[in-house]
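The values are calculated or read from the model by the stated rules, or taken from the named source; none is laboratory data. Only a predicted model underlies this, so the values are computations on that prediction, with no experimental measurement involved. Glycine gets a Cβ as well: all are built from the backbone with ideal geometry, and neighbour counts include every protein chain shown.
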Amino acid sequence: MVISLPKPVPSIPRGKAVQDAYTAVSKVLIPRLVGYNVIQHSRKDLTTPPKGMLEVDLETGTDSNAIDVLTEVARYFGPMLQDAEIHALQKITFEILENDRAGSVLKKKSVIAISTLASYFSDLLLSSFISRLIESLRDSHLTRSKRKLYITILGSMARSIPRKFGPYLKTLAPFVLNALSAQELEEEMDVSDDEEERDPERSCFSSARKLPRILHPRYAYIHGRVYQRGC
């Protein structure tokens, strides 16, 4: 649906058709996704939206493909989204990622959604988001599966916004390298490629391997030694 709308194109002035398409996304589609009017528009006849499609997925753990729509909104209308809209979309997406009822496919889609949205994060939102991940990774009671998932998110963001992500690498490196222990590596090497593709929490080591390559050379050296058997 979103892909068929007139979309903004870099270096080309946005005409009325593109502006009208964004207005429809802002007034109708985003509220249907999150369950409330994110932007208070001047029109007074806008009704309160029903429970958001992503809220329903969050409560039931089902996948209605609403997260795919969110990703398309970010991919095609990201440059036009207001900060409040970006914040609302990342908030509901992260809630899905942290929800134990969400299945592996839904979580994998949510990781893609976050990395797509990240291109349009303000500096403040990016700092807040990464700080939240760091605090979670510092939790002594953090489960192994959650840690994998958080590193998956970091790896995906490192690929999508490398320049903006760069200043955080020094802080994040210990968490990534800690996950690459020899014992856990041996366990992960027993997991088939098919299982890794189906489960985003298992794919964290693929994402984690990519992070040290853009860190300080000594981290890349450590990475090379740790993964000597697997690479």
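Numbers below:
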| read-out | value |
| --- | --- |
| Residue in region 100-110 that is aliphatic (A, V, I, L, M), over 20 Å from I30 (Cβ atoms), outside the structural domain of G35 (by TED's automatic domain parsing) and assigned to a loop (DSSP other than H, G, I, E, B) present | no |
| L106 being under 24 Å from E55 (Cα atoms), in contact with a His (Cβ under 7 Å, 6 or more places away or on another chain), hydrophobic (A, V, I, L, M, F, W, C) and touching a residue at least 12 places away in the same chain (Cβ under 8 Å) | no |
| Qualifying residue in region 5-18 (condition: among the β-branched types (V, I, T) and under 20 Å from T93 (Cα atoms)) | no |
| All positions within region 72-84 that are surrounded by fewer than 22 Cβ atoms within 10 Å (Cβ to Cβ) and assigned to a helix (DSSP H, G or I) | E72, R75, Y76, G78, P79, M80, D83, A84 |
| Region 1-39: number of residues that are within 15 Å of E72 (Cβ to Cβ) and assigned to a loop (DSSP other than H, G, I, E, B) | 5 |
| Looking only at region 65-89, and only at residues there that are of a type in the set (V, I, T) and in contact (Cβ under 8 Å) with a residue 40 or more places away in the chain, the one that is farthest from L106 (Cα to Cα) | V73 |
| Search result, residues across region 111-132 that are hydroxyl-bearing (S, T, Y) and in a loop (DSSP other than H, G, I, E, B) | S122 |
| Residue list for region 15-36, filter: farther than 26 Å from S110 by Cβ and among the hydroxyl-bearing types (S, T, Y) | T23 |
| Subset tally (residues that are within 13 Å of F175 (Cα to Cα) and in contact with a Ser or Thr (Cβ under 7 Å, 6 or more places away or on another chain)) for region 105-145 | 2 |
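Yes/no matrix, rows are residues, columns are (1) at pLDDT 55 or above; (2) assigned to a helix (DSSP H, G or I):
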{"site": "I134", "(1), (2)": "yes, yes"}
{"site": "S140", "(1), (2)": "yes, no"}
{"site": "V176", "(1), (2)": "yes, yes"}
{"site": "L185", "(1), (2)": "no, yes"}
{"site": "V191", "(1), (2)": "no, no"}
